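All remarks here apply to the structure that follows.
The values are calculated or read from the model by the stated rules, or taken from the named source; none is laboratory data. What you are looking at is a predicted structure, and each value in this text was computed from that prediction instead of being measured. Because the Cβ atoms are built from the backbone with ideal geometry, glycine has one as well, and the counts that use them run over all protein chains shown. To get the accessible areas, we keep the full protein, side chains included, count just its heavy atoms, and leave off ligands, DNA and RNA. Shrake-Rupley method; radii C 1.70, N 1.55, O 1.52, S 1.80 Å.
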Amino acid sequence: MRSNNVVAMILAGGRGTRLFDLTKKVAKPAVHFGGKYRIIDFPLSNCANSDISTVGVLTQYESVLLNAYVARDHNWGLDVRDGGVYVLTPREKDQASFEVYQGTADAITQNIDFLDNLDPEYLVILSGDHIYKMNYATMLAYHRVKGADATIAVREVPLKEATRFGIMNADEDDRIYEFEEKPAQPKSNLASMGIYIFTYKTLRKYLMADVKNPESNHDFGKDIIPAYLNDKKKLFAYHFNGYWKDVGTVDSLWEANMDLLYDNNELDLSDPDWKIYTEDINALPQYIGPEGKVENSYITQGAVVMGSVKNSVLGTNCVIDKGAKVIDSVIMPGAHICENAVVTRCIVADDIVVGAGKKVGHKDSEHIELVAKDTE
Amino acid sequence: MNALGIISFEDDTATIDGLGEFRPVPAISFLGRYRVIDFILSNMTNSGINDVRVFCKEKPRNLFEHLGDGTLYGINSKKGVLRILYGEKSFSAPIYNTDIANYMLNMQYIEDVSNPYVVIAPSYFIYTLDFNDVIKAHLDSKADITVLYTNTNDAKRSFLNCDALTLAKNKRVTGIEKNRGSKKSRQISMEAYVMERSLFIELVKRAAEMSSLYWFKDIVADVVEEKMVVGYNVRGYVACLNSLESYFRVNMELKDRSVAQQLFHSNWPIYTKTHDSCPTRFTEKAKVSGSVIANGCTIAGTFENSIIGRNVVIREGAVVRNSIIMTDSYIGAGAKLDHAVVDKYAIVHHVKKLEGTEEAPVYVKRRDRI
């Protein structure tokens, strides 16, 4: 198919410091989710399913694994003629000092030559940190119908939580007249999801002006959107009601995993019409041993369960030995829970060994325990 | 690797009742996630064979869909070739649809390559093997033909109707006969050979002149005195899927991790086509033990000692024991299955009880509703 006039750019440079040791060696978008996935599979699969086949991925923090991972664009069906996944890391340029990406807008500005070559009509800006399924084509149709300069996806949040988000104040027609970053007294409950569609020509002008502004943070939320509003540009809010989760903390990452355990869960990864694609790993099908016990759990291929598992998510090739108990926990790929160990309310990081007889986590803990070091 | 890979097909003594009616044996699903052909093709590509001819007896659609251009198996997208070949004109009777007839019809794809050697192997034998070792042994022994074999002490039950080799002390093959199950210990031919490509072509042409009903293994049996035919013992796990009973037994054997570890090695991946199914969900009511389960399933019922393929739904109250449930099937509440093979897309809902035996498992047809 001849590629259309849309390019998506996924901001995937963040470390995700609140995930602590999970992001010690990999960037947040590469963190595992739901047994077999990585977080960035969601925006990439959404692009593929929305027929957006040219995708730039902007990486920066600990990007070796992430760059190699997303470059294998055939995993998401993005290896199409005239399209594909482009890995965009900060680079040295002629006549300019070498700078890492200073902010979300700067990451785009630094790759303006890449975009100019593609000459898209619309630019979709996405974040590599969220778990959700969304048809960007529908949002783009809305952007076109509204004749918008920019469209921002929003979701309604409880008013008392609105102080944690970037809040959009919009009129009855959903035209945004004000944007407030983490307001103390929120006027509305429409939170920005960090998903933007821009008409490229207009955005380009604003980016070029922004780069010259020494006061700017070079950030979409802090600088570009306020500049648009200041000039009375047409900004519209696009309402999204489906499942969406920012998995920026150990607790929220755990919660999003737990959401998969229930019947008719909103995220529904089994929908054949909106598959979430991921890398193809060679692993045997999962095996539940003769004394294995599995209750209310979500388990992927390669997992071996000789012990018992309850209310938990098990990743690729993890092993639960005989007598071991896993309760209310997320076991990431390759982790090994040895004989008679007990894991309660934990996230056990990839390839970690919980030694025989060890106990980690507690059933009444306020927070989820992250197990990121071997316990022998 | 300087060998051309040829994946041959099984003769008519190998029929898997039921399953075999809907697809050729190489395309039959295996151990929940794989298809039969994945093993031999992965063996070839892992050995560095980048030029493979897959001969298909019938119904090639399944293989085209499953194998694609072979890149999933490690066939190089530029330098490698995977060709699926079959008799494009139908044979006047199925009995003429021999491997020799198919080689003759597609001879140009065997002649037009530069590889000096050929590795020929059917897909219905399941094993993992590095063909570099076989080629090295072939060259060291100065054999004309090297034939793979496995030692078994279970020949009264396993490998029935397969060829058994008589070997001299120096491993030279002195005779080939059918295993009718009369002896316990046998050296079973795996119908896999290494030889110079020119000799292969010569033997195919000789066989075609000899009889239209000849198979390649027949001409090999004919030349054991004229040519130096030497056996190569394959020591790991070897199984032959030539009947529903053996298919059932081999799947059940490999369910056990300790047996599976004899076949699957971490440095020797078995490739297959991914379908991007999500992980399998077990509800609070699920009771599962001793089973192998593929992705995409929803399990609310009870099952033990079974193999569950992709996207299978097992409802609360269903009890599945010692069975193989294939992709996209549905087992309704109240169904009780023991020693059953349920083919793809089948729906078992109104039937209360299906009970077979190890020797004669009950078979539920593809797309059947019972």
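Tell me, please, whether a residue that is outside any loop (DSSP other than H, G, I, E, B), in contact (Cβ under 8 Å) with a residue 24 or more places away in the chain and either out of contact with any Lys or Arg (no Cβ under 6 Å at 6 or more places or on another chain) or open to solvent by less than 30 Å² (accessible area, probe 1.4 Å) (or both) can be found in the stretch B:294-305.
no
Can you tell me which residue among B:A239, B:A207 is among the small types (G, A, S) and within 20 Å of B:G175 (Cβ to Cβ)?
Answer to the selection: B:A207.
Consider the stretch B:193-231. How many of its residues are within 17 Å of B:N161 (Cβ to Cβ), under 20 Å from the mean Cα position of the chain (by Cα) and open to solvent by less than 10 Å² (accessible area, probe 1.4 Å)?
Residues that pass the stated criteria total 1.
Within the option set B:Y103, B:Y109, being open to solvent by 60 Å² or more (accessible area, probe 1.4 Å), out of contact with any Gly (no Cβ under 6 Å at 6 or more places or on another chain), on the phi < 0 side of the Ramachandran plot and not aliphatic (A, V, I, L, M) holds for one residue only, B:Y109. B:A340: touching a residue at least 24 places away in the same chain (Cβ under 8 Å), outside the structural domain of B:S243 (by TED's automatic domain parsing) and touching a strand residue (DSSP E or B) at 6+ places or on another chain (Cβ under 9 Å), yes or no? Yes; evaluated as a whole, the condition is true for this residue.
Would you please list the contacts, defined by Cβ atoms under 7 Å and residues six or more apart or on different chains, that run from a residue in the stretch A:71-83 that is free of Cβ contacts under 8 Å to residues at least 24 places away in the same chain to a residue that is surrounded by 16 or more Cβ atoms within 10 Å (Cβ to Cβ)? Note: pairs meeting the criteria are A:A71/A:V85; A:A71/A:V87; A:D73/A:G84; A:D73/A:V85; A:D79/A:D73. Residue selection: B:E10 satisfies the criterion of being open to solvent by less than 10 Å² (accessible area, probe 1.4 Å) and farther than 27 Å from B:L139 by Cβ.
Comparison of A:A162, A:A68, A:A150, A:A96 shows that the only residue that is touching a residue at least 40 places away in the same chain (Cβ under 8 Å) and open to solvent by less than 70 Å² (accessible area, probe 1.4 Å) is A:A150.
If you check A:A27, A:A8, which single one turns out to be in contact with a Cys (Cβ under 6 Å, 6 or more places away or on another chain) and either more than 29 Å from A:Y262 (Cβ to Cβ) or surrounded by fewer than 24 Cβ atoms within 10 Å (Cβ to Cβ) (or both)? One residue alone meets the criteria, A:A8. Restricted to the stretch B:75-95, and to residues there that are surrounded by 13 or more Cβ atoms within 10 Å (Cβ to Cβ) and at pLDDT below 90, the residue that is farthest from B:S29 (Cα to Cα) is B:F91.
For the residues A:L123, A:L140, A:L118, the requirement of being open to solvent by 50 Å² or more (accessible area, probe 1.4 Å) and either touching a residue at least 12 places away in the same chain (Cβ under 8 Å) or out of contact with any His (no Cβ under 9 Å at 6 or more places or on another chain) (or both) singles out A:L118. Note on the stretch A:99-115: residues that are surrounded by fewer than 16 Cβ atoms within 10 Å (Cβ to Cβ) and either in a loop (DSSP other than H, G, I, E, B) or touching a residue at least 40 places away in the same chain (Cβ under 8 Å) (or both) amount to 4. Against the conditions (1) under 27 Å from A:D41 (Cβ atoms); (2) modelled with pLDDT under 95, A:S97 satisfies every one except (1). Would you be able to say whether some residue in the stretch B:163-171 is within 30 Å of B:F248 (Cα to Cα), in contact with a Lys or Arg (Cβ under 7 Å, 6 or more places away or on another chain) and not aromatic (F, W, Y)? Checked against the condition, which is being within 30 Å of B:F248 (Cα to Cα), in contact with a Lys or Arg (Cβ under 7 Å, 6 or more places away or on another chain) and not aromatic (F, W, Y), the stretch B:163-171 yields at least one hit. Exactly one residue among A:K232, A:K201, A:K187, A:K205 is open to solvent by 60 Å² or more (accessible area, probe 1.4 Å), of a type outside the set (A, V, I, L, M), within 20 Å of A:P158 (Cβ to Cβ) and not in a strand (DSSP E or B), and that residue is A:K187.
Check whether at least one residue in the stretch A:241-253 is in a strand (DSSP E or B) and open to solvent by 40 Å² or more (accessible area, probe 1.4 Å), and report yes or no. Within the stretch A:241-253, one or more residues are in a strand (DSSP E or B) and open to solvent by 40 Å² or more (accessible area, probe 1.4 Å).
Quickly run through the stretch B:28-43 and pick out the residues that are open to solvent by less than 10 Å² (accessible area, probe 1.4 Å) and away from chain A (no Cβ under 11 Å). Correct list: B:I28, B:V36, B:I37, B:F39, B:I40, B:L41, B:N43.
Looking at A:D129, A:D119, A:D149, A:D113, which one is within 21 Å of A:N49 (Cα to Cα) and of a type in the set (D, E, K, R)?
A:D129
Selection of first residues in the stretch A:308-321 that are over 16 Å from A:R38 (Cβ atoms) and free of Cβ contacts under 8 Å to residues at least 24 places away in the same chain and of second residues that are of a type in the set (K, R) and open to solvent by 10 Å² or more (accessible area, probe 1.4 Å), restricted to Cβ pairs under 9 Å at least 6 apart or on distinct chains, gives the following pairs, ordered by first then second residue: A:S308/A:K293; A:S308/A:K325; A:V309/A:K293; A:V309/A:K325; A:K310/A:K293; A:K310/A:K325. The number of residues in the stretch B:139-171 that are over 20 Å from B:V223 (Cα atoms) and open to solvent by 50 Å² or more (accessible area, probe 1.4 Å) comes to 8.
Just one of (1) of a type in the set (V, I, T); (2) under 22 Å from A:I197 (Cβ atoms); (3) part of a loop (DSSP other than H, G, I, E, B) fails for A:V85. It is (3).
Being at the interface with another protein chain (Cβ under 9 Å from one of its Cβ atoms), within 17 Å of the chain's Cα centre (by Cα) and among the β-branched types (V, I, T), is that true of even one residue in the stretch A:250-261? No: the stretch A:250-261 contains no residue that is at the interface with another protein chain (Cβ under 9 Å from one of its Cβ atoms), within 17 Å of the chain's Cα centre (by Cα) and among the β-branched types (V, I, T). All told, B:K136 meets the bar of being within 15 Å of B:S47 (Cα to Cα) and open to solvent by 10 Å² or more (accessible area, probe 1.4 Å). Scanning the stretch B:49-74 for residues that are closer than 19 Å to B:P122 by Cβ, open to solvent by 30 Å² or more (accessible area, probe 1.4 Å) and within 14 Å of chain A (Cβ to nearest Cβ) yields a count of 0.
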